[in-house]
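Step one of this worksheet: look at the structure below.
The values are calculated or read from the model by the stated rules, or taken from the named source; none is laboratory data. Please read these numbers as outputs of a predicted model, since none were measured by experiment. A quick note on method: Cβ atoms are made from the backbone with ideal geometry, for glycine too, and the neighbour counts reach across all protein chains shown. Please note that ligands, DNA and RNA were not included when accessible areas were found on the heavy atoms of the full protein model with its side chains. Shrake-Rupley method; radii C 1.70, N 1.55, O 1.52, S 1.80 Å.
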Amino acid sequence: ASGEGTTTSSGVITIRSTNSGASGVSGMLVFSSGTAVLGNSGAILIGTGAATSGRGGLVSISAGSGTSGVGGLVSMWAGKSTTLAGGLVSISGGVGTENTGGAVSVASGEGTTTSSGVVSI
């Protein structure tokens, strides 16, 4: 946890791997909950706090660019079940109690020398 700001901003926590050498790959971060034998497995929660008189926070997930190869990959998937329905991936815009609700936008990447990417839903 970072420090609490009683009259100004609270602290910052940075988690990162170090840069690679001249011919290696950079490090990897793994966040994982444990496996459960008889009960439910754990959870990983990423979020921001609410703002009482300002904008809500931002959660951004992105993959890096590739200068001599393809760009990075951002992938989300739900777990499988051997006895019941598979897991759920849910993406939704925020509720606007006094204004328009939030938007959900899905777009493919731009191809500068060939066609753009594909959006498949």
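Listing for the model above:
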item	result
All positions within the range 35-67 that are open to solvent by 80 Å² or more (accessible area, probe 1.4 Å), within 30 Å of Ser23 (Cα to Cα) and among the hydrophobic types (A, V, I, L, M, F, W, C)	Ile61
Residue that is nearest to Ser81 (Cα to Cα) [pool: residues in the range 11-34 that are of a type outside the set (Val, Ile, Thr) and open to solvent by 100 Å² or more (accessible area, probe 1.4 Å)]	Phe31
Sole residue being touching a Ser or Thr at 6+ places or on another chain (Cβ under 9 Å), assigned to a loop (DSSP other than H, G, I, E, B) and loosely packed, with under 10 Cβ neighbours inside 10 Å, chosen from Val70, Val74, Val89	Val74
Near pairs, Cβ below 8 angstrom, 6+ apart or cross-chain, from the range 1-22 (aliphatic (A, V, I, L, M)) to any residue that is assigned to a loop (DSSP other than H, G, I, E, B) and at pLDDT 80 or above	Ala1/Ile13; Ile15/Leu29
